[in-house]
Structure formats: structure tokens, C-alpha cells
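Please read the structure below before turning to the comments.
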Amino acid sequence: MYVTFALHFWIVRRRTWLFIFVFLLIIINSFYSYFSDWTIPFLILGISYLIGIKHFRTKQLVTTLSIILPSLLLIFIWQSVKMEYRAFLSGGRKTQAVVVSRNEALNKFSDLANEIIQEERLFDDAVVQDTYRRAGYLEYFNAATHKVPEEISYRKGALFMESANFALVPRVLNPNKGIKDDKAKVELYTDYYFGENSFASFSLGHYCEAYIDWGPNGMMIHLFIYGLFGAVLMRITAIRTRNLNPLLSYGILWSIMFPWGTSQSDMVTVLGTTVWGALSHLVIFLPAYRWLDSYIHFGKTLSLSENKGA
């Protein structure tokens, strides 16, 4: 798990080149995706590093910049090439399924990135604007408040129920639930239109969806309950993993709670990844985590015994 791996490195500070190799391998493989999954390893690396800092000096600043600057560069590269790259990944179809091999995808991404850099289009106005829009998501919220309820009535929970049904009911039980299309929902509730041939993956974000369902006051109650759900889930995770190695426990906690903590993902993504992730990590995979933890403790005990014997 990325979190455990990163925390362990910042604690022991050993095998630096091995850590760099594994991290770069993770980053490269993460580009084999319709989404910007490569941002997660950078985020984990940065947070795990900052956790252990007691005094922020020049050395810490240099290390922090060595994480931030490459991630910012990749953000602009991704914003520049993602439409054409996604079209290649999906074979030109309006789905989020990857239909090409890993090697084909990574070679295509490399070609597109080199082309953008050589043509000096990395910081075009359109790229900068798309990056700002991707980072903020407030534009969509603002646009939604102008259309709801003036043009479209509050959904009164219907939007949440649709999202819950899509996220939690397996397709084998609901084969007619269709394909997830974030762009269509953005276009419906805002004045932004991405065009027929767009491969955009912007979503309203579940905060905005709460407003569309309940209005400004009901939204606050909705988000309060959402916060309680996160607190309960965090408590359950802490109880279920309390006897495990702390690094392993924190890794499981991160994996479960990270989707819950986002503000950009829509409720389909948040519910699906959080609920099914919690079920997987706290029920299905937990015996494997306990075996791994016992193996770690066995290794420590054996090492101590050998040292005492020496």
C-alpha cells in the first residue's frame, strides 16, 4: 500500500534509490488510466513527508519543492494532452473504458507530452484556464446556483438516490443502469457545454449535488450527516485495525477514507469507492492484513532472538 510504503521510507530513510525506482514505476503505470490517478502517489508522498517534520528549514523546503514542482509540471502536461489521450484509450468511444494495451497507452502519452513541450503549448491560455477550473470546481457550483431552482427545481433527494443506486447496486442486479457520464450531469445543471466530441471527465462534485438536491439550508444538513458517516467509518476502521502495525493501520485508514475526503468527486464515485473499499479492506482483505502483520511481528521476534544469541 502506497501510504505504508511512503511512511516507512520517511521513518527509516534507507534504500533511497529503491524507493525512487518504485515510486517512478508507480507514477508511470498510473498514466494507464482515463483519469489523473498519478496525482494520488504525489499526494501521498507529500503528506507522508510533511507528517514527520518537526522544524521547517531550508532542507525541508528543498525536499518539499522536489515533490511539488514535478507534480505541477505533470498537471499542465496532463491538462494539455488528456482529451486526445482519453480518445485514444477508449478507442474514440464515449466510455471510460480503456481498450488499448498498457504499452500502447504509455507510448501514446509519451508522444503527446513530447509534442506539447516541443510546440511550446504547455502553458497556453486554454490549458491554464482548464487547470484552474479543474482545481477549483467553484465555477460549476456557482453556475448551478443560477439554474437551480430558477430553471430546474430542487431534486429533493432524487439525485442522491440515483447516485446511491448506481454506486451500490451491482450491474448484475441492475443491468439497465447505463454508463456513468459526469459530463452530461455538469451540462444539465450548469451553463457549461463541452461539445459532442469532448472527452472531459469533470463532475459537479458531491457538495454541489447536495445543493441541487436540497437547496442551501438542506445542503448543510446533508453534509452534516455526511460528516457523521465519515466519523463512524473512521471509528470502525480504527477499531478493526487497532491490533495491527501502526503503519499498516494508517495505510488501511487512508485507503478507506481518501475517497470520502474529496470535494471534487460526485456522489456516485464517493459512495462506490468508500463503501466498497471499506467492505474490501475491513472484511474481505482483513485476514490477509492480519497474516501480514503476524509475519512482520514474527520477523521482528526472530531478529531480536538472533541478536540476543550473538
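The values are calculated or read from the model by the stated rules, or taken from the named source; none is laboratory data. Only a predicted model underlies this, so the values are computations on that prediction, with no experimental measurement involved. With ideal geometry, Cβ positions are generated from the backbone for all residues, glycine too; neighbour counts draw on all protein chains shown. Ligands, DNA and RNA are excluded from the accessible area calculation, which covers all protein heavy atoms including side chains. Shrake-Rupley method; radii C 1.70, N 1.55, O 1.52, S 1.80 Å.
If you scan the range 269-278, which residues turn out to be farther than 18 Å from Leu244 by Cβ and either open to solvent by 20 Å² or more (accessible area, probe 1.4 Å) or free of Cβ contacts under 8 Å to residues at least 60 places away in the same chain (or both)? Reasoning before the result, please.
Going residue by residue through the range 269-278, those that are farther than 18 Å from Leu244 by Cβ are 269-276.
Passing the criteria: Thr269, Leu271, Thr273, Thr274, Val275, Trp276.
If the condition is being open to solvent by less than 40 Å² (accessible area, probe 1.4 Å) and assigned to a helix (DSSP H, G or I), then the range 38-59 contributes Pro41, Phe42, Ile44, Leu45, Gly46, Ser48, Tyr49. The set of residues from the range 138-159 being under 26 Å from the mean Cα position of the chain (by Cα) and open to solvent by 70 Å² or more (accessible area, probe 1.4 Å) comprises Leu138, Asn142. For the range 6-26: of the residues being surrounded by 15 or more Cβ atoms within 10 Å (Cβ to Cβ) and touching a residue at least 40 places away in the same chain (Cβ under 8 Å), which is farthest from Leu248 (Cα to Cα)? Per the stated criteria, the residue is Trp10.
Evaluation of Pro246 against the conditions (1) open to solvent by 60 Å² or more (accessible area, probe 1.4 Å); (2) in contact (Cβ under 8 Å) with a residue 12 or more places away in the chain shows that the sole unmet condition is (2). Scanning the range 96-122 for residues that are assigned to a loop (DSSP other than H, G, I, E, B) and either acidic (Asp, Glu) or open to solvent by 40 Å² or more (accessible area, probe 1.4 Å) (or both) turns up Gln96, Ala97, Val98, Val99, Ser101, Glu119, Glu120, Arg121.
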